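**Student:** Quick one: the structure is below, questions incoming.
The values are calculated or read from the model by the stated rules, or taken from the named source; none is laboratory data. Because the structure is predicted, anything quoted here is derived from the model rather than measured. Methodologically, a virtual Cβ is constructed for each residue, glycine included, from the backbone with ideal geometry; neighbour enumeration extends over all protein chains shown.
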Amino acid sequence: MKGCLYYSSAEAKRNNGFIEDLIRSANRLNMDLTVLVDEEQPAKDSNFILFRDRHPLLSSKWEAEGFRLFNRSEVNRIANDKYKTFELAALLGVPAVPTKKVNSVQHLPSFPIVLKTRDGHGGHEVCLCQSIEEAESFFAEHSGRQFISQPYVESNSTDIRVFMIGNEILGAVKRTGQDSFKSNYTLGGSVEKYSLSAEQEKEVQTITKALKSDYIGIDFLLLPDGRWLLNEVEDPVGARSLYITHEVSPAWELMKYVKSKLEDEVIG
């Protein structure tokens, strides 16, 4: 079984450890995994592409050429647009942070307010604005982009990231921000293992079943009263916090899943 692992060159450098684990895992399963970056193209006889970039146009192009992508391009398109993610949550009845499209300070109802670019990731291009001046500065800094606004929700700088392979829960972590309302581990936040309730398990599986996703992270703000609100879906999702908190190799679990899905699809 022959496949490709696609990254941008910058992200490939940042994720070298995960790439090495994916290649080791593929070899254990008698799978050949070739790394592609930037403009490199998959071999025509590739059985699959692990698509680890935020690039819906490229993923849909390769799907149109007949390649089997993990995740499929529609997942990449929705997960990398925060407004589309909110629309999905509303459609599914999953509680989410209220989200509006905005393009200037005239569209902002009140302060404090959280502004984000629609396609930002990793906690970047996010600003908790306390005034019109701060909001104007954010719009100017990211001129030409599309934006959303969200009310500031008190969560003690805490969120939950749930890692999903297909409809199965691989693990969940609680992330707590340090000196910031952002909880991202890569921005200095702390992480610990988190156990989901039965209702929380049901909600994350509602999302994965609707998306028909293969490997994603789903982020929820954790409220002081124990409830949570969907904040973002991550594709591709980074697994550093999962390696630290769980005795599991996400790369191994993902490659087993890919091999099983491809074998099932051939039989089907």
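**Student:** Out of everything in the stretch 1-42 that is hydrophobic (A, V, I, L, M, F, W, C) and over 22 Å from the mean Cα position of the chain (by Cα), what residue ends up being nearest to PRO56 (Cα to Cα)?
**Tutor:** Pass one, the stretch 1-42, residues hydrophobic (A, V, I, L, M, F, W, C): 1, 4-5, 10, 12, 18-19, 22-23, 26, 29, 31, 33, 35-37.
Within this subset, residues satisfying the condition of being over 22 Å from the mean Cα position of the chain (by Cα) are 1, 26, 29, 31, 33.
Values: MET1: 25, ALA26: 25, LEU29: 29, MET31: 26, LEU33: 22 Å.
Ranking the candidates gives LEU33 first.
**Student:** Restrict the check to the stretch 101-119 and report whether at least one residue is surrounded by fewer than 16 Cβ atoms within 10 Å (Cβ to Cβ), among the β-branched types (Val, Ile, Thr) and farther than 18 Å from ASP219 by Cα.
**Tutor:** No, the stretch 101-119 has no match at all.
**Student:** If you don't mind, another one. Between a residue in the stretch 77-94 that is assigned by TED's automatic domain parsing to the domain that holds LYS209 and within 20 Å of LEU58 (Cα to Cα) and any residue that is hydrophobic (A, V, I, L, M, F, W, C) and part of a helix (DSSP H, G or I), which pairs come within a Cβ distance under 9 Å, given they are 6 or more apart or on different chains?
**Tutor:** Final answer for the pair search is none.
**Student:** Run LYS13 past the list (1) crowded, with 17+ Cβ neighbours inside 10 Å; (2) closer than 21 Å to GLY120 by Cβ and report the number of the one that doesn't hold.
**Tutor:** That leaves (1) as the condition not met.
**Student:** A further question on this structure: Which one is farthest from THR158 (Cα to Cα) among residues in the stretch 224-239 that are surrounded by fewer than 16 Cβ atoms within 10 Å (Cβ to Cβ) and in contact (Cβ under 8 Å) with a residue 12 or more places away in the chain? Step through it out loud before you land on a result.
**Tutor:** Of all residues in the stretch 224-239, those surrounded by fewer than 16 Cβ atoms within 10 Å (Cβ to Cβ) come to 224-227.
Right, trim to in contact (Cβ under 8 Å) with a residue 12 or more places away in the chain and you get 224, 227.
Working: PRO224: 9, ARG227: 12 Å.
Within the stretch 224-239, the match that is farthest from THR158 (Cα to Cα) is ARG227.
**Student:** Go through the residues of the stretch 86-96 one by one and say whether even a single one is at pLDDT 95 or above, surrounded by 15 or more Cβ atoms within 10 Å (Cβ to Cβ), part of a helix (DSSP H, G or I) and not hydrophobic (A, V, I, L, M, F, W, C).
**Tutor:** No: zero hits.
**Student:** From the list GLU141, GLU168, GLU133, which residue is of a type in the set (Asp, Glu), assigned by TED's automatic domain parsing to the domain that holds ALA239 and exposed (fewer than 14 other Cβ atoms within 10 Å of the Cβ)? Give the derivation first.
**Tutor:** Details: GLU141 fails: assigned by TED's automatic domain parsing to the domain that holds ALA239; GLU133 fails: assigned by TED's automatic domain parsing to the domain that holds ALA239.
After ruling out the rest, the residue left standing is GLU168.
**Student:** Restricting to the stretch 243-265, name every residue that is aliphatic (A, V, I, L, M), surrounded by fewer than 18 Cβ atoms within 10 Å (Cβ to Cβ) and in contact with a helix residue (DSSP H, G or I) (Cβ under 9 Å, 6 or more places away or on another chain). Even if it seems obvious, please write down each step before you answer.
**Tutor:** Keep residues of the stretch 243-265 that are aliphatic (A, V, I, L, M), which gives 244, 248, 251, 254-255, 258, 262.
Imposing the further condition that a residue be surrounded by fewer than 18 Cβ atoms within 10 Å (Cβ to Cβ) reduces the set to 244, 248, 262.
Within the stretch 243-265, ILE244, VAL248 meet the criteria.
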